[in-house]
1. Taking only the C-alpha atoms, wrap a convex hull around the chain and report its volume per residue in Å³ as a whole number.
2. Putting +1 on Lys and Arg Cβ atoms and -1 on Asp and Glu Cβ atoms, find which of C168, Q354, V186 reaches farthest to the positive end of the dipole of the chain.
3. At a Förster radius of 22 Å, what calculated FRET efficiency corresponds to the Cβ-Cβ distance of T357 and L152, to the nearest 0.05?
4. Do the sum for the chain: with -39,500 (n - 2.57) for every DSSP H run of n ≥ 4, divided by all residues, what is the mean residue ellipticity at 222 nm, to the nearest 500 deg cm²/dmol?
5. Distance in nm between label sites at D420 and S34, each 7 Å beyond Cα in the beta-carbon direction?
6. Tally Lys/Arg at +1 and Asp/Glu at -1 over every other residue whose Cβ is under 15 Å from the Cβ of M339; what's the total?
7. If the cut-off is 18 Å between C-alpha atoms, which lysines fall inside it for K395, apart from same-chain ones fewer than 8 positions away?
8. From the square roots a ≥ b ≥ c of the eigenvalues of the alpha-carbon gyration tensor of the stretch 330-467, which class results: rounded (a/c under 1.5), prolate (a/b over b/c), or oblate?
Amino acid sequence: MAKLGLRRYLGVVEIAGSNPVAPILIKKEKMNHSEPKEIGIGLIGLGTVGSGVVKTLQARASSIARETGVKLVLRRVCVRSLNKKRAVKVPKNILTARPETVIDDPQVEILIELAGGIHPAKEWIEKAFALKKHVVTANKALLAEKGKSVYLAARVHRRRLGFEASVCGGIPILRAIREGLASDNVTHFLGIVNGTCNYILTEMSQKGLSFSKSLSEAQQKGYAEANPALDVDGVDSAHKLAVLSRLAFQAEVDFKKIYVEGIRRITAADIVYAKELGYVIKLLVIGKKKEKGLELRVHPTLLPLDHPLSSVRGVYNAVYVHGDHTGDLLFYGRGAGMMPTASAVMSDVIEIAQDMTKGLDAMRSSWGNEPSAMKILPIGDLVSKYYLRFQVKDKPGVLGSIAKILGDNKISILSVHQKDSLGSRSVPVVILTYEAKESDIRRALQKIDSSPDTQEKTQLIRVEALI
Ligand code: HSE
């Protein structure tokens, strides 16, 4: 056989129908035997997600190198306390309690920030960009509240910012919107993006538990944030909504203008009444592009039982997106937890590392053009159907006076349901309305709630029918 030189011959094929069969040698282009390129990784934060990242690097660095051509090497890890017992073993010589040791290390090319909180995470990340490092973070609070400055720093220094892990843990929702829907015009999305709240509402619905009992279960299971108020008051969801909206609508979002309402006021009775009416109560993030601006809101919502999001239970997350060309899409999975979130972090690290080896890093910032500022519509302008639960004295004329006030404020009633008083002197009355303007509803409720016949603040839950 002739000398093969640098080319390798891979096999022999037969051509059907040719007789005698002529062996054909298939040539493959010059094989690339070069070693995978080493990329130095620095990590700040060795909590749940950080430990998942270290586990993945320890267990999969070789297979990642084989498959992607990049060898990820953990160079430095910053922890709060050097002596704490940990879920993963990290060589002592790379551990530090000083974030600067990680950021300043010239061998660290990609910084993973998993400490959370706005300050000093913002300063660390911006310094890393200035030192020409790429950054991967799961820090939704930082991106939602100070994102403008962080994105700008990435652009100015032409570095990459990966943040897939900041929304819905293991669901690759940001990549799907950014890349999969690159040519689509996203008109709206609805999402269950907080596992703690979804767990609490599911427990209340399936076991009839109270809000506080379900919350302590969620805390025991480690789903809730260190400060569970961030979960139950809707702030964590609002952070994720801000990040999602920026990508889905290419909008610079003023976080303070997002309407946010949590789940503390939802009672087990509301959940039962909603079910009787054919609905389930979910804490939703809702983003809609309207002619006059964006509707961005977080609040408990009545969803029809046959809506795809209604069957998302427990700690799971899901996002339902509508693109004008693709139509409806549903993304479902684990929104939190060590390995799902670590998987999202690693997806960014690998993407950036691969681009670095291709020399694309200087060309591609994560953001391209700066998104434009878009008006966020005030909640008073919302037009929606409403679930209203009044707690009123059980006496003649009360229902009539409620109906009159609603009518006087242009609110049309779809159905009325008086519930059992269960021996109490007041009764719950549930009214579903047709579509009404929120400012009209609020004006009417102010009047109804100031009546001596009303025994407690009226419960208002918006109804979403969009499928
Ligand atoms: N506390 C959050 C949740 C964790 O419950 O979804 C992930 O952001």
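Bear in mind that the values in this text are calculations on the coordinates, not laboratory data. The structure presented is a predicted model; accordingly, all values stated were derived computationally and were not measured. Note that each Cβ is placed from the backbone with ideal geometry, even for glycine, and that neighbours are counted across all protein chains shown.
1. Details: hull volume 94.0 nm³, N = 467.
Spelled out: Cα convex hull of the chain, divided by residues, is 201 Å³.
2. The listed residue farthest towards the positive side: Q354.
3. Numbers: r = 26 Å, r/R0 = 1.20.
So, using R0 = 22 Å, E works out to roughly 0.25.
4. Values: 12 runs with 149 residues, N = 467.
So the calculated ellipticity at 222 nm is -10000 deg cm²/dmol.
5. Going by the 7 Å Cα→Cβ label model, 7.6 nm.
6. So the surrounding residues net to +2.
7. Cα-Cα hits under 18 Å: K404, K419.
8. Working: a/c = 4.35, a/b = 2.55, b/c = 1.71.
Prolate is the answer for the stretch 330-467, as a/c is 1.5 or above and a/b outweighs b/c.
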